[in-house]
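Notes follow once the structure below has been shown.
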Amino acid sequence: MTIQATHTFPRNFKWGTATAAHQVEGGATNSDWAAWEKLPGKINDGGSAAVACDWWGGRWREDFDRAAADGQTAHRLGVDWSRIEPSPAAWDEDALDHYRQMVKGLRERGLEPMVTLHHFANPLWLMEKGGWENVAAVGHFERFVRKVVKALGDYVDLWCVFNEINVFAYFSYIDGAWPPGKKNIVAAFKVARHMLSAHAVAYRAIHELQPQARVGIAHHVRPIDPAKPEFALDGWTAKLQYRLFTETIPQALHTGRLLFPIGRLNERLPELAGTFDCFGINYYSRYHSAFDLSQPGTLFGRTFHPPEVEQDHLGLNELYPEGLYRAIKWAAKFKKPILITENGWGDVDESRRTRALLLHLRQLWRTVNFNWPVQAYYYWTLVDNFEWERGWSQRFGLYELDLATQERRPRPAAKLYAEICKANSFSAEMVERYAPELLPAMFPG
Ligand code: FCB
């Protein structure tokens, strides 16, 4: 009899998928993203989230059924602030009830909800008041958070305050591809600074309303390696970019020190210290960085994927599973439970999607064996969704979505993921069936 080598995960490990309100719901009218995607040229493929996965029309039910049938035990979803509070302090109770039904629906299916309170999209009225550049956003956000926690608290005690402050500040205020489309590094710092304050305020408000709550963030972690390690300036710029992009935000929330490497500005913000109970990692890829004097906006580093590395069909992400290991190792220093709040692979090549899943889970398995406190893995994402400025050109779903008919079709990765969730492990035999080319490296024998 052949012995089956198996990579097993800890008992009670949570398996799920992650989604964001604007990307799946459809029918939003009151947010900056709903307005932005109507402007010509803003979405690469001309798509929009007008219908998306039609969760606002009720298709969340069938998708949660799929997740549950596939053995998932957790789901990370977002709420859209612009629906709940369509104008300042005016609450849409129907929208709140809609979300209440959704989180109740998750519980009924045995899926633990994690609710993200801010995932890129903002109410138009907030943006008219200066958005996150205006410190008043902090108070507005606190009022919104209190309302949501009171409305959903019967079903939810795991909260993610912000999704990827670093990515939001970069794309909305430095790169300009996202609303409000600014290219102003000073504004980006201001926005990040205000979001950090809002995080701390929300953290305390949630705990006041719900003492047993677990409150965290979802942080985009991206290793940045020097293009030529032997070239000191590449090393310098890669390190600087990594510190600013990956380390600044969590460090501020951990220690209460805002360390921007520019000008050695070292501001103390003691009220931020210790404001997360769990740390969420969103991991997709790494960058290589080369020193380039013509790129002051990105700290004199030109980031890129070298042609020899394996990439998705758009060249947006490098297939670099070890980065997930590095991200977890780095986050373990906070000594808090770690959740992989997003990880996935958007591609047109199904065999690469399946292989990517296995390779990343292999790295995840390595980390749990070091006893690093990883408690959950949320795959991005359940069903193809609206991928921001990339529209529908980058598809991450375990299920393929036919936008015209709203039909969902499981991809091979959906079947593999379901097997893994149900078994809480993956075996050499699964690898042989789904990605035999990985067998010699993963399970030599
Ligand atoms: C992350 C975002 C998420 C999704 C994935 C692919 O940066 O949090 O909304 O777009 O990338």
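The values are calculated or read from the model by the stated rules, or taken from the named source; none is laboratory data. Values in this document were obtained by computation on a predicted structure and should not be read as measured data. Because the Cβ atoms are built from the backbone with ideal geometry, glycine has one as well, and the counts that use them run over all protein chains shown.
Contact map, the stretch 171-184: residues that are on the phi > 0 side of the Ramachandran plot and modelled with pLDDT under 95 paired with residues that are of a type in the set (Val, Ile, Thr) and surrounded by fewer than 18 Cβ atoms within 10 Å (Cβ to Cβ), Cβ distance under 8 Å, separation 6+ or inter-chain. No pairs are found. Might you let me know whether the stretch 127-146 holds any residue that is touching a helix residue (DSSP H, G or I) at 6+ places or on another chain (Cβ under 7 Å), buried (at least 23 other Cβ atoms within 10 Å of the Cβ) and farther than 23 Å from Glu271 by Cα? Looking for residues that are touching a helix residue (DSSP H, G or I) at 6+ places or on another chain (Cβ under 7 Å), buried (at least 23 other Cβ atoms within 10 Å of the Cβ) and farther than 23 Å from Glu271 by Cα, one finds none in the stretch 127-146, hence no. A Cβ distance below 9 Å, combined with a sequence gap of six or more or placement on separate chains, defines the contacts here; from the stretch 127-142, residues that are more than 20 Å from Thr116 (Cα to Cα) reach residues that are of a type in the set (Val, Ile, Thr) in the pairs Glu133/Val191. Evaluated against (1) away from the ligand (no atom under 16 Å from the Cβ); (2) aromatic (Phe, Trp, Tyr); (3) assigned to a helix (DSSP H, G or I), Phe276 falls short on exactly one condition, (3).
Of the set (1) in a loop (DSSP other than H, G, I, E, B); (2) in contact with a helix residue (DSSP H, G or I) (Cβ under 9 Å, 6 or more places away or on another chain), all apply to Tyr99 but (1).
So that you can scan it fast, the table gives a plain yes or no per residue for (1) buried (at least 18 other Cβ atoms within 10 Å of the Cβ); (2) modelled with pLDDT of 95 or more; (3) more than 19 Å from the chain's Cα centre (by Cα):
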{"position": "Met195", "(1), (2), (3)": "yes, yes, no"}
{"position": "Ala200", "(1), (2), (3)": "yes, yes, yes"}
{"position": "Glu208", "(1), (2), (3)": "no, yes, yes"}
{"position": "Ala227", "(1), (2), (3)": "yes, yes, yes"}
{"position": "Ala238", "(1), (2), (3)": "yes, yes, yes"}
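Considering the stretch 360-420, the qualifying strands (runs of 3 or more DSSP E), each wholly inside and each with 3 or more residues that are touching a residue at least 40 places away in the same chain (Cβ under 8 Å) and within 18 Å of the chain's Cα centre (by Cα), run over 374-379.
Kindly evaluate Ala331 against the criterion of being in contact with a strand residue (DSSP E or B) (Cβ under 7 Å, 6 or more places away or on another chain), within 14 Å of the ligand (Cβ to nearest atom) and either part of a helix (DSSP H, G or I) or aromatic (Phe, Trp, Tyr) (or both). Spelling it out, it is not the case that Ala331 is in contact with a strand residue (DSSP E or B) (Cβ under 7 Å, 6 or more places away or on another chain), within 14 Å of the ligand (Cβ to nearest atom) and either part of a helix (DSSP H, G or I) or aromatic (Phe, Trp, Tyr) (or both). Filtered by the rule that a residue be among the aliphatic types (A, V, I, L, M) and either at pLDDT below 95 or touching an Asp or Glu at 6+ places or on another chain (Cβ under 7 Å) (or both), the stretch 1-30 gives Met1, Ile3, Ala5, Ala18, Ala21, Ala28. Here Phe189, Phe120, Phe141 are screened, and the one residue that is among the hydrophobic types (A, V, I, L, M, F, W, C), in contact with a strand residue (DSSP E or B) (Cβ under 8 Å, 6 or more places away or on another chain) and within 16 Å of the ligand (Cβ to nearest atom) is Phe120. Criterion applied to Phe162, Phe245, Phe189 was being within 27 Å of Lys335 (Cβ to Cβ), modelled with pLDDT under 95 and among the aromatic types (Phe, Trp, Tyr), and the one residue passing it is Phe245. Of the residues examined, Pro10 is one that is closer than 21 Å to Glu419 by Cβ and surrounded by fewer than 22 Cβ atoms within 10 Å (Cβ to Cβ).
Give the residues of the stretch 5-34 that are assigned to a loop (DSSP other than H, G, I, E, B), touching a Leu at 6+ places or on another chain (Cβ under 7 Å) and within 16 Å of the ligand (Cβ to nearest atom), sorted by residue number. Hit for the stretch 5-34 is Thr19, nothing else. Among the residues of the stretch 365-388, those that are at negative phi and surrounded by fewer than 21 Cβ atoms within 10 Å (Cβ to Cβ) comprise Trp365, Arg366, Val368, Asn369, Phe370, Trp372, Pro373, Gln375.
Within the stretch 287-300, not a single residue is within 16 Å of the ligand (Cβ to nearest atom) and among the polar types (S, T, N, Q). Of the residues Ala218, Ala232, which is at pLDDT 95 or above and surrounded by 20 or more Cβ atoms within 10 Å (Cβ to Cβ)? Result: Ala218 is the single residue among Ala218, Ala232 that is at pLDDT 95 or above and surrounded by 20 or more Cβ atoms within 10 Å (Cβ to Cβ).
With respect to His199, is the statement that it is of a type outside the set (Asp, Glu), assigned to a helix (DSSP H, G or I) and over 27 Å from Ala34 (Cβ atoms) true? Judged against the criteria, His199 is not a match.
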